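The values are calculated or read from the model by the stated rules, or taken from the named source; none is laboratory data. No experiment lies behind these values; they were computed from the predicted model shown. Virtual Cβ from ideal backbone geometry, glycine too; neighbours counted across all protein chains shown. Just the protein is used for accessible areas: all its heavy atoms, side chains included, with ligands, DNA and RNA removed. Shrake-Rupley method; radii C 1.70, N 1.55, O 1.52, S 1.80 Å.
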Amino acid sequence: MSLSLGALADGAIDGAKLAVLDAVGETLVEVPLEPGMRWCLGWNHSVKKFPVLDCYRYHQGRMVLERSHQPDFAAGLGHTPGRGIQVSDGQGGYWIENIDEPVPGDRYTLRVGSPAVDHRLLWQAEGDEHSVSLSELAAGERVTLQLYPPEDPGKPDDV
C-alpha cells in the first residue's frame, strides 16, 4: 500500500519530496516538501510508553535533524553535551534544540516498531496537521526515510 500526499502540498515549489521506502525500495509514503518545511518522526517509548519526537527540516536541499523532544530521561534517551541545547518543555520533559545536523546521505534506515510503539511521520502542509502511522504500514520491517531532491529539468536524460 502506497500513500502519496501530493495534493496536501500543492505549494511545493521546488519538487523535493520525503519518501518512506520498504526493504525492496517500494514507496510506502511520499510527502512533497517546500523549502524550510519541517516534519517529525514520532514514536511511543517502548518502556515508558510516552511519545518521543525527532524533528527534521528541509534546509538548503538537505535533510537536517533540527531538534528532539523527550519527556523523560528513560532508557536510550538523553542529551549529549555539545549536541544541541537542552531546554525544558514546561511539562516535565525537555527539547534538545539547535541540533542542526545534516543527515548523512539525506536518508536513514529504521526498524519500524509494533502498533504499540506506533512509529509515525508527522508534518504540516497548507495549515493542516498530518500523520501517517508507519507501524500500520510496516510493523517489524526495515524502512528507509529518504529525501529526494528536486529533479533538474534543465539536464538531458542521457547526461
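In segment 28-46, the residues that are farther than 11 Å from His119 by Cβ and of a type in the set (Lys, Arg) reach residues that are surrounded by fewer than 17 Cβ atoms within 10 Å (Cβ to Cβ) and at pLDDT 90 or above with C-beta atoms within less than 8 angstrom, at least six apart or across chains, in these pairs: Arg38/Gln124.
The residue pairs whose first member lies in segment 83-105 and is farther than 12 Å from Arg57 by Cβ, whose second member is β-branched (Val, Ile, Thr) and at pLDDT 90 or above, and whose beta carbons are closer than 6 Å, counting only pairs six or more residues apart or on different chains, do not exist in this structure. In segment 80-127, the residue that is most open to solvent (accessible area, probe 1.4 Å) out of those that are in contact with a helix residue (DSSP H, G or I) (Cβ under 7 Å, 6 or more places away or on another chain) and over 26 Å from Ala23 (Cβ atoms) is Glu126.
For segment 137-149, name all the residues that are surrounded by 14 or more Cβ atoms within 10 Å (Cβ to Cβ) and either without any contact (Cβ under 8 Å) to a residue 24 or more places away in the chain or not hydrophobic (A, V, I, L, M, F, W, C) (or both). Break it down into steps so the answer makes sense when it comes.
So the first thing to find is which residues in segment 137-149 are surrounded by 14 or more Cβ atoms within 10 Å (Cβ to Cβ), and the list is 137-139, 141, 143-149.
Hits for segment 137-149 are Glu141, Thr144, Gln146, Tyr148, Pro149.
Identify all residues within segment 25-49 that are open to solvent by 30 Å² or more (accessible area, probe 1.4 Å) and part of a loop (DSSP other than H, G, I, E, B); write none if there are none. Steps first, answer last, please.
First, pick out the residues of segment 25-49 that are open to solvent by 30 Å² or more (accessible area, probe 1.4 Å): 25-27, 30, 34-36, 38, 43-44, 46-49.
Once the filter is applied, which keeps residues that are open to solvent by 30 Å² or more (accessible area, probe 1.4 Å) and part of a loop (DSSP other than H, G, I, E, B), segment 25-49 yields Gly25, Glu26, Glu34, Pro35, Gly36, Ser46, Val47, Lys48, Lys49.
Which residues, counting only those in segment 42-63, are touching a His at 6+ places or on another chain (Cβ under 6 Å) and at pLDDT below 90?
Quick first cut of segment 42-63, residues touching a His at 6+ places or on another chain (Cβ under 6 Å) only: 43, 52-53.
Within segment 42-63, Val52 is the sole residue that qualifies.
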